[in-house]
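Worksheet for the structure shown next.
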Amino acid sequence: MTPLLAMAWRLHELGRSFTWHISARSRSRVPFSKELDALPFRDSIVLHIDDEQNGKLLEASDILRSASDDCDVYVCGPRGYMAFIEEAARRAGVTKERLHQEHFGAEIDTTGSPFTVVAARSGLSIEVGCTETILSALQREGIEVETACQNGVCGTCLTKVIEGRPDHRDMVLTDVEKASNEMIAVCCSRSRSRILKLDV
Ligand code: FES
């Protein structure tokens, strides 16, 4: 939100037209939500709140398709969201030159050898591929984990480890917490053991 807020102010001061689409899982998770309503360019902001859409996904490619050809697209958000918008932009015919991306924090290497996650609550065994994250593998099987940054910096996705040795890649847990192997950030970390049993 922060870089886009600064850009929105600048465009407003220059009298340039823009639309700012903000996506969040729920209204309470929209940053600066109170301040947004007081902005002089509030009419240029469109909120997309997941839990108010009855499970309907954001139609990002339709939105991007409706933008004029001389319009540039700026996107900032968690890794999964950025990938979603990038794919939507590709489908909408937005050229690479018109798409500008601002990534959260440092890029973490989430790739590695495949392993199996056992979801203790359902008993499901789920393969995590070389380029997949635990989070995406769980979501593929319909298991939801609360997330925010999806980039190892916020700690929202920390999940209890029941068995196995995590390969910690996050920047949230301290060295002592990592050594204890009690929790794992499923958005970016992997496993050193062939099987990792999690409390999900
Ligand atoms: S969602 Fe932020 S650390 Fe995983």
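The values are calculated or read from the model by the stated rules, or taken from the named source; none is laboratory data. Being a predicted model, the structure only gives us computed values, none of them experimental. Note that we place each Cβ from the backbone using ideal geometry, even for glycine, and neighbour counts take in every protein chain shown. Quick note on the areas: whole protein, heavy atoms, side chains included, nothing else; ligands and nucleic acids left out. Shrake-Rupley method; radii C 1.70, N 1.55, O 1.52, S 1.80 Å.
Numbers at a glance
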quantity: Top-ranked residue in the range 60-77 [being touching a strand residue (DSSP E or B) at 6+ places or on another chain (Cβ under 9 Å), not β-branched (Val, Ile, Thr) and not in a helix (DSSP H, G or I); ranked as nearest to CYS149 (Cα to Cα)]; calculated: GLY77
quantity: Residue selected from the range 137-158 under the condition surrounded by 19 or more Cβ atoms within 10 Å (Cβ to Cβ) and within 20 Å of SER113 (Cβ to Cβ), by the criterion nearest to the ligand (Cβ to nearest atom); calculated: GLY152
quantity: Qualifying residue in the range 120-129 (condition: out of contact with any Pro (no Cβ under 9 Å at 6 or more places or on another chain) and closer than 14 Å to ALA185 by Cα); calculated: no
quantity: Residue list for the range 102-151, filter: touching a helix residue (DSSP H, G or I) at 6+ places or on another chain (Cβ under 6 Å), modelled with pLDDT under 95 and not in a loop (DSSP other than H, G, I, E, B); calculated: GLU102
quantity: Residue among VAL94, VAL117 that is within 22 Å of SER23 (Cβ to Cβ), open to solvent by less than 20 Å² (accessible area, probe 1.4 Å) and either of a type outside the set (A, V, I, L, M, F, W, C) or touching a Leu at 6+ places or on another chain (Cβ under 6 Å) (or both); calculated: VAL94
quantity: Near pairs, Cβ below 8 angstrom, 6+ apart or cross-chain, from the range 136-153 (free of Cβ contacts under 8 Å to residues at least 60 places away in the same chain) to any residue that is within 8 Å of the ligand (Cβ to nearest atom) and not in a loop (DSSP other than H, G, I, E, B); calculated: VAL145/LEU135; GLY152/ALA185
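Conditions tested, residue by residue: (1) in contact (Cβ under 8 Å) with a residue 60 or more places away in the chain; (2) within 11 Å of the ligand (Cβ to nearest atom); (3) outside any strand (DSSP E or B).
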{"site": "LYS160", "(1), (2), (3)": "no, no, no"}
{"site": "ASP170", "(1), (2), (3)": "yes, yes, yes"}
{"site": "LEU173", "(1), (2), (3)": "no, yes, yes"}
{"site": "ALA179", "(1), (2), (3)": "no, no, yes"}
{"site": "ILE184", "(1), (2), (3)": "no, yes, no"}
{"site": "SER193", "(1), (2), (3)": "yes, no, yes"}
